[in-house]
Structure formats: structure tokens, C-alpha cells
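*Asks:* Handing you a structure now.
The values are calculated or read from the model by the stated rules, or taken from the named source; none is laboratory data. Everything numeric in this text was worked out from a predicted model, so none of it was measured. All Cβ positions, even for glycine, are placed from backbone atoms using ideal geometry, and neighbour counts span all protein chains on display. Accessible surface areas use protein heavy atoms only, side chains included; no ligands, DNA or RNA. Shrake-Rupley method; radii C 1.70, N 1.55, O 1.52, S 1.80 Å.
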Amino acid sequence: MLQTRSGKRTAIATAKIALDLLDENIITSEQALERTSKLKPADLAVTKISNSQGAIASPIANAISACSGVVSGEIVFDAIEAEKRTLRGHKTILLRNEAETADLGALVNAVGILTKTGARTSHAAVVARQLGKVCLVRCLNMDIQIDSKSVKFDDITLHEGDTITLDGNSGNIYSGEVQSQVIIDQELVNRLLELRGNTSNV
């Protein structure tokens, strides 16, 4: 049996593609307006690591970014623990050597996923994008120790329940919670305003 998934793209990509196609006279203004009619300014925002308090903390590892955004959460290694902590109101990040189909429950509850192997088109990345979760893959210096419920990043050891931050923009991984900020792509918003011809409609 062949499994398929609908391809997903971000709101920013939707706006940019429609507006670029309009600029290149490939589609009409009416078509561009139809394709972007449901977008709001908040949809055209990205979450980035904040440097408002000076120097940003040094990352403990780096991986390939498969889904953008910034999230912080407690380390978990399986779906059961992810669900338990989520029900207690905690945010969690799933760490796996490689994501499997059985990890779907953990992905639903977690705010992000980090894997040792994989690529942007791997199972973890595809599912994470569909669920709107931050996802980093191929973190080669991550060594998960399931028996002790711990993980090593070179000479740094963290345990289940410890907090980490995933930066889906740069691929960096930080120990602890790192402050982030939401930035709206004002240039893109202005292009939409120009298309719609009325700022009150955005």
C-alpha cells in the first residue's frame, strides 16, 4: 500500500509565492488575492531567538532544520512520558535516534522533535511539518542513553525532564530555555496591503 500526505507550506511561503507570481505576470491580481485572502499579519510572523538581553547563549549542538520556529520544552524519549508531562501542563521536546510511525502520539503532544539521523524529507520532518512542530534532524553529536534516560551532547549530559531549546531557523540546540521573540515580516505585509488596496482588510 502506498501512503501519501498532502504537501504543506507555511503562510509566508503562500504569500511570497502568490505575490512573486503576480509580479512575474504569471497570475492575475484576482488570483493572487484569492490565494492570500485568508492570511492575517500574525500568519506572516516568525519566532526567532531574542538578543535583546545581550549575547545569546552558546549552543550545545547543531542539526539540520526541517521546520522553522523556536521552542523550549522538557526532554522526553517516548510517547507515554510526553503525554504525562503534557497533561501536567508542561511543554516537551521528543528526542529520538530516528523517528518511527509509532512516535506520532509523542509528536502530537510535544512542541518539537530532535533526531540523531534523518533529513529534511525524513518521516519525522514530514509529520512535524504537517503538525506545525519545530523539527531538527541529523544531530550527529547527540548520544541518547535510554537505560539512564539521559542524552549526551559531546561533554554535556542532560536528563529526561531537563529543558532544552530548539532553534528551527539556525538549527542550533541550547541547554535551558532561551528567550525568543515574534517578528512580523512587515515588507511582506506591505505587499499584501498594496494588493488588497485597503489596510483595514488585512
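*Asks:* Using all alpha carbons of segment 65-166, what is the percent of pairwise distances in each 10 Å bin, ordered from the shortest bin to the longest?
*Replies:* 17, 56, 26, 1
*Asks:* I'd like the antiparallel share, as a percent to the nearest 5, of DSSP beta bridges with both residues in the chain.
*Replies:* 70
*Asks:* Taking the Cα centre as origin and putting +1 on Lys and Arg beta-carbons and -1 on Asp and Glu beta-carbons, what dipole magnitude results for the chain, to the nearest 20 debye?
*Replies:* 400
*Asks:* Given the protein chains as shown and a 1.4 Å probe, how many square angstrom of residue 165 are accessible, to the nearest 10?
*Replies:* Using a 1.4 Å probe on the heavy atoms, I get roughly 0 Å².
*Asks:* Under a Cβ-Cβ cut-off of 14 Å, what is the net charge of the residues other than residue 176 that fall near it, where Lys and Arg count +1 and Asp and Glu count -1?
*Replies:* Result for the neighbourhood of residue 176: -3.
*Asks:* Calculated from DSSP H runs of 4 or more alone, at -39500 (n - 2.57) each and per residue, what is the 222 nm mean residue ellipticity of the chain, nearest 500?
*Replies:* Values: 6 runs with 56 residues, N = 202.
Theoretical 222 nm ellipticity from helices: -8000 deg cm²/dmol.
*Asks:* Measure up 48/84; 84/152; 116/152; 91/133; 16/40; 38/91 against 19 Å on the Cα-Cα distance and list the ones that go over.
*Replies:* From 48/84; 84/152; 116/152; 91/133; 16/40; 38/91, over 19 Å: 48/84; 84/152; 38/91.
*Asks:* Principal axis lengths of segment 139-201 from Cα atoms, whole Å, largest first?
*Replies:* Taking the Cα atoms of segment 139-201, the three principal extents are 60, 21, 17 Å.
*Asks:* Excluding residue 48 itself, what net charge comes from residues whose Cβ is under 13 Å from its Cβ, given Lys and Arg +1 and Asp and Glu -1?
*Replies:* -2
*Asks:* For a protection proxy built on the mean count of beta-carbon atoms within 10 angstrom, sort 66-75, 91-100, 35-44, 14-23 highest first, please.
*Replies:* With the highest mean Cβ count within 10 Å placed first, the list reads 66-75, 91-100, 14-23, 35-44.
*Asks:* Next question, about the same structure. Can you tally the net charge around residue 39? Count Lys and Arg as +1, Asp and Glu as -1, for every other residue whose Cβ sits under 13 Å from the Cβ of residue 39.
*Replies:* Local net charge: +4.
*Asks:* Now, a different point. Over the chain, what is the relative contact order in percent, taking alpha-carbon pairs closer than 8 angstrom and at least six residues apart?
*Replies:* 26
*Asks:* If you take every DSSP beta bridge fully contained in segment 48-137, what fraction is antiparallel? Give it as a percent rounded to 5.
*Replies:* Here the antiparallel bridges make up roughly 25 percent for segment 48-137.
*Asks:* Give, in nm to one decimal, the length gained when the segment between residue 80 and residue 50 is fully stretched (0.36 nm per residue of separation minus the Cα-Cα distance).
*Replies:* Extending this stretch completely gives an extra 7.6 nm.
*Asks:* Check the chain for me: any Cys whose beta-carbon has no other cysteine beta-carbon within less than 4.7 Å?
*Replies:* Here 139 come out as lacking a disulfide-compatible partner, given the Cβ-Cβ threshold of under 4.7 Å.
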